[in-house]
1. Quick check: is even one residue across segment 676-685 in contact (Cβ under 8 Å) with a residue 40 or more places away in the chain and outside any helix (DSSP H, G or I)?
2. Which condition breaks for residue 175 when tested against (1) within 16 Å of the ligand (Cβ to nearest atom); (2) part of a loop (DSSP other than H, G, I, E, B); (3) open to solvent by 10 Å² or more (accessible area, probe 1.4 Å)?
3. Given the residues 484, 493, 559, which is the only one that is away from the ligand (no atom under 16 Å from the Cβ), open to solvent by less than 10 Å² (accessible area, probe 1.4 Å) and in the same structural domain as residue 667 (by TED's automatic domain parsing)?
4. Pairs under 8 Å by beta carbon, first residue more than 10 Å from the ligand (Cβ to nearest atom) in segment 571-592, partner among the hydroxyl-bearing types (Ser, Thr, Tyr) and outside any helix (DSSP H, G or I), six or more apart or different chains?
5. I'd like the full set of residues that are within 17 Å of residue 706 (Cα to Cα) and surrounded by fewer than 21 Cβ atoms within 10 Å (Cβ to Cβ), limited to segment 385-405.
6. Any idea which residue in segment 146-174 is nearest to the chain's Cα centre (by Cα), counting only those that are among the small types (Gly, Ala, Ser) and over 15 Å from residue 126 (Cβ atoms)?
7. Restricting attention to segment 627-668, which residues are open to solvent by 40 Å² or more (accessible area, probe 1.4 Å) and within 22 Å of residue 688 (Cα to Cα)?
8. For segment 318-332, enumerate the residues that are among the acidic types (Asp, Glu) and either more than 30 Å from residue 595 (Cα to Cα) or surrounded by fewer than 17 Cβ atoms within 10 Å (Cβ to Cβ) (or both).
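The values are calculated or read from the model by the stated rules, or taken from the named source; none is laboratory data. The structure displayed is predicted, hence computed values, not measured ones. Methodologically, a virtual Cβ is constructed for each residue, glycine included, from the backbone with ideal geometry; neighbour enumeration extends over all protein chains shown. For the accessible areas, the whole protein counts, side chains as well, though only heavy atoms, and no ligand, DNA or RNA atoms are used. Shrake-Rupley method; radii C 1.70, N 1.55, O 1.52, S 1.80 Å.
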Amino acid sequence: MYSSTRRSGLLLLPPRISRLSELAYNLWWSWTPEARRLYSSIDPELWEYVYHNPVKFLRWVELRKLERAAGDDTFIANYKKVMEAFDAYRKPEQTWFDQTYPQLTDHTVAYFSAEFGLHESLAIYSGGLGILSGDHCKAASDLGLPFVGVGFLYPQGYFRQLINGHGEQEALHEKLDFTNVAAQPAVDSSGAQIVVQVNLPGRELYATVWQIQVGRIPLFLLDTDVHPNAPEDRELAARLYGGDHEMRIAQEYVLGVGGVRALRALGIRPTVWHMNEGHSAFMVLEQIRELVEEEGLTFDEARGHVRKHNVFTTHTPVPAGHDAFPFDLMEKYFGSYWPRMDLDRNGFMALGYHEMPWRARFNMTVLALKLSNRYNGVSKLHGEVSRKMWHVIWPDRPVEEVPIQDITNGVHTRTWLSPELAKLFDEYLGPDWADRVDEPGTWEAVEDIPDAEWWQTHLRQKQTMINHLRRRIRQQRERNHASLDAVTSAESLLSPDALTIGFARRFATYKRATLIFRDIERIKRILNKEDQPVQLIFAGKAHPADEPGKGLIKRIVELSKQPGFRGRVVFVEEYDINIARYMVRGVDVWLNNPRRPMEASGTSGQKAALNGVPNFSVLDGWWPEAYDGTNGWAIGAGEEFDDQEKQAAADAESLYQTLEQEIVPLYFDRDADGVPRGWLKVVKASIRTCVPQFNMRRMVKEYVEKMYVPAMGQEAEG
Ligand SMILES: *Cc1c(COP(=O)(O)O)cnc(C)c1O
């Protein structure tokens, strides 16, 4: 059988370290630095070469090196420690969920998302939504939730970003070799890989199901690049967010309808169905079809039943950002499906009907809102915006009573925290701090960490980031046939002494990446002040179809070559989880200047705060909930202008003033030992106030309490 021959390739490991392959197939390693270090210590160069992917690493590593590790006492001691921790993690005596809800452990939450950002070696995410899904799964595992994820294993993933010599973004698609991925075929009781089938217009489409183990929880991922699908269907889910409207509807059909069928084939009967954003909302239709066709319920009965168990998270504060399809396209895909739901055309279209200023469409958010019972936005501000935006669904209620709740996003601590800082926390917060991340009391003790020790640690991380970025930029310049001078100067790019501002995010225009360059002469003065140098590091991908977004990248690359900016402004290509990890630890300030209220939550600033990097941000997304005047800086005071130009002018002015008058002077105010005492007060306040609130442990517990448990409870009532 395919899977066993593949696995037997890995069985060539020396017996003393044979469990390295078992470990490689559980993404527990992605948030456990000690586990990753086992692999990297065997062959550090190969580890970098395979982009920190242990499965690929084990396939490529020389036997001689494995044998050397197996004979090394230090390696074996570390190996045993990691394996003990791995076993203890997977088979704990009791998890938070068991302890809190012992009567609910036989329920299952099925979490559907179009993208999962778990690790840099698995490029099936594009940005914040994917990172959130990945972190959600990891925390669900930590807390012991009965939980499964459902999504796609896109063979070409999202694109890789190359910036050419003209500053233009080029999108590169590489085909993933599944034998190098920590995925195994999801099999039925007879051991055969599960294949689901859906009907697309005029044809049948098949998708195989893969399983990725994330700690204690499985993720089931669909793949349509299989025989006997037609060539265009094999391409259908090749890429994340690729293709036109028709490809999107087909993808979402497979995710929603096919996802439900995959769980059925696995024998999983969820009692809670969680749609993370509207891409997966077709799954409610399949749940209704099952009850109508297989249990003989009427549509109304089926809808009443299904609604109770579905929960929905919306992430989009812009009306045009919600997925919506023309009715003729819906008819093409669902014309033979709605009779099976006991519906006619009108009844079916009403489920997603939504008027927009330009035209009416079948809207995935409307479908999700109408066919679930609990809904939330992803920050307090975004909750408010969503209640206003979807008031039309509940026209009889006052806006404040529109039943969309808010659960503010967080980040998975172990994934994003630097191992060096984790050691400091072990020492000063107590060894079990990670189990108390969401208790404010845990974080009071950061005040006990000596300033000088903290500062030295931070400077080491900063140097590590600079070294890494220099290497990346050198490679980029070599590839682009830059002059020898430009290539060698990459080695001295960025100064460890300069106040370093990081800006890394998707290059969607509302994030206004170039706002800081609004007044060129003023920012030049800020960057080049003698004795108080400042530098800017940018990274981020623009969606390949987003021409204005790509234009912003080009503009920054061009500026970075101009006198006054050269060496002070850099754009690093290929923003991903790996670059994000370096940046949120290595810069001094995290900049975020979206057009309020367009940022639903944002999470990169939460990663920065966790690593002692204070935020400098527009009061948008999560930041209004966190900012208290001592723990970072605000850009503007939360004003919203209709005129985008006025908004940009006001925000830029506030940004410059705060930089000039507060941030730069405070950073360079040092004591006799060179330690910036006042600065570290802000750093510590940022950790103390942000971390206990904006972490995944708090967030997933909140989902359990506000969404999952109520949806389970109604099961008991029938
Ligand atoms: C955290 C993260 C994001 C999301 O950050 P925002 O603050 O929402 O912009 C996007 N991409 C990567 C690679 C990340 O790590």
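1. The answer is yes, given that some residue of segment 676-685 is in contact (Cβ under 8 Å) with a residue 40 or more places away in the chain and outside any helix (DSSP H, G or I).
2. (1)
3. Numbers: 484 fails: open to solvent by less than 10 Å² (accessible area, probe 1.4 Å); 493 fails: open to solvent by less than 10 Å² (accessible area, probe 1.4 Å).
None of the others qualify; the one that does is 559.
4. The qualifying pairs are 571/560; 585/418; 586/500; 587/500; 588/500; 589/500; 591/617.
5. 401, 403, 405
6. Taking segment 146-174 first, the residues among the small types (Gly, Ala, Ser) are 149, 151, 157, 165, 167, 171.
Among the residues that remain, those that are also over 15 Å from residue 126 (Cβ atoms) are: 149, 165, 167.
On the way: 149: 14, 165: 30, 167: 26 Å.
Applying the filter and picking the extreme gives 149.
7. 627, 628, 629, 630, 662, 666
8. At the first step, the residues of segment 318-332 found to be among the acidic types (Asp, Glu) are 323, 328, 331.
Within segment 318-332, 328, 331 qualify.
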